[in-house]
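The values are calculated or read from the model by the stated rules, or taken from the named source; none is laboratory data. Remember, it's a predicted structure, so these values are computed and weren't measured experimentally. Don't worry about glycine lacking a Cβ; one is built from the backbone with ideal geometry, like all the others, and counts go over all protein chains shown.
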């Protein structure tokens, strides 16, 4: 469900670090999760308490996790299950923590590079709000019969206009929040938008690089476990964070079940670059697929850094164009108003 609670990426990364440390120290799972039930947000404490209660009832961790629904991402749930069965749970937590740290760093890098354009946009919106309010107070803003004249041409004047303007901005902000949240949760219509964005020149290339950096990292993560490939491949594709790749998970799993190699299964999707497919093929033939994916993941991580910079630049340009167009339009609107006033005065 859209409003069901889900753990945030930062909280998940911190949780994995603590779980790795405690598990490596030999502390029992029951005690670890009981202690974790006292940390984090309210929803996080509630979900972890469910796990703690089931562990206290002598259930295994893999049996307890499903009680939290979709609070934890699929990759976390499946990796913990495999780690528990293989006796490598501490290493699994550590690797998951590293994975989520990398993803979190990418998000932070993007927002840090986008901060200045967003500040400029905020200042522009503030200036417009002040103009709307001030126009209702200026004597020149009074027409015949005391009727206020709309200099800005948007129908918003004075305090009442400012209130409407603020409400519009709040509504847009709420809509933007729900759009981002829908993309994070993989709501149906947001998946279509993701696939469409991949076809846009430059933007699509950067988004593909980011998705492939997450996919290659997740793939080497799941391949280094005894997890069944039919479950591992959809998980790795889902970890890409983009439906352009994630949608092929079931088909890839089905081809592997029918005896095809990983290379052939991925190649038939038609969405993976040749260099990635060639590396997978060589890794399979040499029996060193995990090592190959680890090297490929490091390479794509470097590419992802450049892709983040490119995306931030594109977003910055879009914001600057929006601000520039708005300011220019505002200048022309005010100039047009005063020109009209001068022409009207000249005819008197």
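Annotations
- Residues being under 19 Å from residue 84 (Cα atoms), touching a residue at least 12 places away in the same chain (Cβ under 8 Å) and not in a helix (DSSP H, G or I) - total across the range 9-65: 1
- Under the condition of being in contact with a helix residue (DSSP H, G or I) (Cβ under 7 Å, 6 or more places away or on another chain) and more than 15 Å from residue 60 (Cα to Cα), the residues counted in the range 19-33 number 4.
- Test for residue 281: is it buried (at least 22 other Cβ atoms within 10 Å of the Cβ), at pLDDT 85 or above and within 25 Å of residue 302 (Cβ to Cβ): no
- Residue check, residue 270 exposed (fewer than 14 other Cβ atoms within 10 Å of the Cβ), at pLDDT below 90 and either under 19 Å from residue 225 (Cα atoms) or assigned by TED's automatic domain parsing to the domain that holds residue 212 (or both): no
- Listed conditions (1) without any contact (Cβ under 8 Å) to a residue 24 or more places away in the chain; (2) surrounded by fewer than 16 Cβ atoms within 10 Å (Cβ to Cβ); (3) within 18 Å of residue 204 (Cβ to Cβ) are all met by residue 259, apart from (3).
- Any hit, the range 37-60, residues being modelled with pLDDT under 85, buried (at least 16 other Cβ atoms within 10 Å of the Cβ) and within 26 Å of residue 232 (Cα to Cα): no
- The range 71-90: number of residues that are free of Cβ contacts under 8 Å to residues at least 60 places away in the same chain and either over 20 Å from residue 225 (Cα atoms) or part of a helix (DSSP H, G or I) (or both): 4
- Residue match in the range 247-254 (condition: touching a residue at least 40 places away in the same chain (Cβ under 8 Å), buried (at least 16 other Cβ atoms within 10 Å of the Cβ) and closer than 26 Å to residue 305 by Cα): yes
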